[in-house]
Amino acid sequence: MKNEILCLIGCGWLGKPLANFLSKKNYPVTATATGKTAPESLVDGISYIDFDLTKSQSLPLEIAKADVLIYTIPPLELSVIKNFFDKIPVDKKIIFTSSISVYGKNTGATDETAALDPANTSSPLLLETEVYLKQRFSKLTILRLGGLYGEERHPVYFLAGKKNIKTGEEFLHLAHQDDCIQAINAVIERGQWGEIFNIVSDLRVTKKEYYLAMAAKLSLPIPEYDQTVKDSNPTRISNEKSKNVLGMNYLDPNGFCKPSH
């Protein structure tokens, strides 16, 4: 049995397989869910509690007692975030899954040391949340995830057949579900607290190049990109820190294929 007790805040597309993975590595895991998303398919040994961050309520004992909180919920209003995290001791170990969208557009070569511009960020809510959490918690580690894919989830399904898409000249930054799980596990096992890591695959081609090829590979309607949009200095996010410090070995997005049933 591992020493650290984990509480997974959120049990959605990333949270369920993450909880199962960590439990199989003998971590005591509790997962939170709301009544609408009660976590089916959790392995034996994982407990879960019905807890909704959007409702004002006292902190469950399972969360208060956990050594590590892993937060995987999509962006919420800052007031909701504060209402929850203000109840958490400031010395708690926390993993917060953010997004590379906080960097914004046309920032060129970009790593974790880049200054974030509130006027340019694509996710002002996440940026505000990051600022608040970094000010409050000394053992906070932020994982800025790329576009998520894996199993039956892939951005190409959303883009298939769309017209006049304006993001074709941007660089691709994807992260497989398994990459995200491995990164979270590495933070815990290597004790990498108080850090920021970009979690994105190695592949750096334009979105247009990749999604046209992927749509053809999966026999989907081909997306059409606006040919007039040109990025002078497209954002190119580095994953070197995650590879050097966490030992990440990323899956290749070119290997994605249609799931078989």
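Which condition number does E189 fail, the rest of (1) part of a helix (DSSP H, G or I); (2) out of contact with any helix residue (DSSP H, G or I) (no Cβ under 7 Å at 6 or more places or on another chain); (3) over 20 Å from A19 (Cα atoms) being met?
It fails just one condition, (3).
Consider region 105-127. How many of its residues are under 19 Å from the mean Cα position of the chain (by Cα) and either in contact (Cβ under 8 Å) with a residue 24 or more places away in the chain or in a loop (DSSP other than H, G, I, E, B) (or both)?
Start the filter on region 105-127 by keeping residues that are under 19 Å from the mean Cα position of the chain (by Cα), which leaves 105, 110-114, 116, 121-127.
Among the residues that remain, those that are also either in contact (Cβ under 8 Å) with a residue 24 or more places away in the chain or in a loop (DSSP other than H, G, I, E, B) (or both) are: 105, 110-114, 116, 121-123, 125-127.
Selection size over region 105-127: 13.
Have a look at L148, L143, L220 and point out the one that is modelled with pLDDT of 95 or more, under 22 Å from K16 (Cβ atoms), open to solvent by 30 Å² or more (accessible area, probe 1.4 Å) and not in a helix (DSSP H, G or I). Don't jump to the end; show me each part of the working.
On the way: L143 fails: open to solvent by 30 Å² or more (accessible area, probe 1.4 Å); L220 fails: under 22 Å from K16 (Cβ atoms).
Matching residue, one of L148, L143, L220: L148.
Scan region 1-23 and report the pairs whose first residue is free of Cβ contacts under 8 Å to residues at least 24 places away in the same chain and whose second residue is open to solvent by 10 Å² or more (accessible area, probe 1.4 Å) and assigned to a loop (DSSP other than H, G, I, E, B), with Cβ atoms within less than 9 Å and a gap of 6+ or a chain change.
S23/L42; S23/V43; S23/D44; S23/G45; S23/I46
Listed residues S138, S201; which is open to solvent by less than 20 Å² (accessible area, probe 1.4 Å), among the hydroxyl-bearing types (S, T, Y) and not in a strand (DSSP E or B)? Don't jump to the end; show me each part of the working.
On the way: S138 fails: open to solvent by less than 20 Å² (accessible area, probe 1.4 Å).
On inspection, the qualifying residue turns out to be S201.
Residue-wise test of (1) out of contact with any Asp or Glu (no Cβ under 6 Å at 6 or more places or on another chain); (2) over 27 Å from K24 (Cβ atoms).
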{"position": "L174", "(1), (2)": "yes, no"}
{"position": "Q177", "(1), (2)": "yes, no"}
{"position": "I181", "(1), (2)": "yes, no"}
{"position": "I196", "(1), (2)": "no, yes"}
{"position": "Y210", "(1), (2)": "yes, yes"}
{"position": "L246", "(1), (2)": "yes, no"}
{"position": "P259", "(1), (2)": "no, no"}
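Would you please list the contacts, defined by Cβ atoms under 8 Å and residues six or more apart or on different chains, that run from a residue in region 233-261 that is at positive phi to a residue that is open to solvent by less than 60 Å² (accessible area, probe 1.4 Å) and not aromatic (F, W, Y)?
Correct list of pairs: G247/A186.
Residue-by-condition table, conditions (1) over 25 Å from the mean Cα position of the chain (by Cα); (2) under 30 Å from A186 (Cβ atoms); (3) open to solvent by 40 Å² or more (accessible area, probe 1.4 Å):
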position: K207; (1), (2), (3): no, yes, yes
position: D226; (1), (2), (3): yes, no, no
position: N233; (1), (2), (3): no, no, yes
position: L246; (1), (2), (3): no, yes, no
position: Y250; (1), (2), (3): no, yes, no
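The values are calculated or read from the model by the stated rules, or taken from the named source; none is laboratory data. Model, not experiment: these values are computed from the prediction. Cβ atoms come from the backbone with ideal geometry, glycine included; neighbour counts cover every protein chain shown. Just the protein is used for accessible areas: all its heavy atoms, side chains included, with ligands, DNA and RNA removed. Shrake-Rupley method; radii C 1.70, N 1.55, O 1.52, S 1.80 Å.
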